[in-house]
Amino acid sequence: MAEEIVSRVISFATELIGNSWGCTEELRGLGESLTMIRAVLTDAERRQVRDESVNLWLQKLEDVAYEADDVLDEFMYENLRQKIEVENERKRKVNFLDPFIFRLSMAKKIKAIQEKLAKVNGLANGFALARKLSVDSNVEIVPTRETDSFLNHSEVVGRKSQVSKIVSLLTSATNQQLSVIPIVGMAGLGKTTFAKLVYNHELVKKHFDKTIWVCVSDDFNDKNILRGILESLTNNSSPLESKNAILQNLQKELQGKKYLLILDDVWNEDVLKWDTIH
């Protein structure tokens, strides 16, 4: 459990470095500290059954990691809200928390977490935990699965508060332009489950005329993606082979409708390819 939450926070911090509007150095420092601590977790997990002191260390680490997760949740929510309000061109009409004050507040919180992590790391040194690094720890395996929108209620759910925040962002947007909210992170961190929670949320179902789920996967094909959107809308397999015919049918289905499109399992980041769909 500790390794899972630490990995999630590392991924979260790394993503925010490239997409947020402040605290870059603090976020980078947090990611580096957690990466160092994650290196000892394999040895710690192996010893926890027989060593109560290591059990306590793992609990302390997990508590700090969850605290970091909450802070980064707050950071990402504010970041997403800023982006959507800019798209809506209503930023000047809304009294936001001053960005400068917000950055100072976040920097202070991250610094406090860094200090706690330093203490946790010091305890690890006292336990003489080995820093065992896996050669393949940074390698992500591209899955061949096809995801779906059906939610298994037995699935373990985290970040419930963030689900509510994303739902609020989606349902409060009033602009006619497309708003894009990315769900990013390393493989295995529950991004698909998170997307399902948003997709199946009662408020989302009420707010949007149409909800669409398409599994993209690594084999990028613009026509297949468009056909997948059409099939999700009609609940029928489409025999259409012409991209133009598919687009005409999509226009009929979506004309004047408010819709939510979730593209799951996206691996390809080639902007030129995505422009063929946009």
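For the reader, a short list of remarks on this structure follows.
- Protection proxy ranking of 212-218, 237-243, by the mean of other Cβ atoms within 10 Å over each peptide's residues and highest first, is 212-218, 237-243.
- Annotation: extensible slack from LYS160 through GLU115 equals 13.5 nm (criterion: 0.36 nm per residue apart, minus Cα-Cα distance).
- Burial order of peptide ranges 116-123, 190-197 (average beta-carbon count within 10 Å, highest first): 190-197, 116-123
- Cα gyration tensor shape for region 160-275, rounded if a/c is under 1.5, else prolate or oblate: oblate
- Between GLU25 and PHE150, the simple spin-label model (points 7 angstrom out along Cα→Cβ) gives 5.2 nm.
Taken together, the values in this text are just the output of simple stated rules run on the coordinates, not laboratory data. In this text the structure is predicted, and so the values were computed from the model without any measurement. Methodologically, a virtual Cβ is constructed for each residue, glycine included, from the backbone with ideal geometry; neighbour enumeration extends over all protein chains shown.
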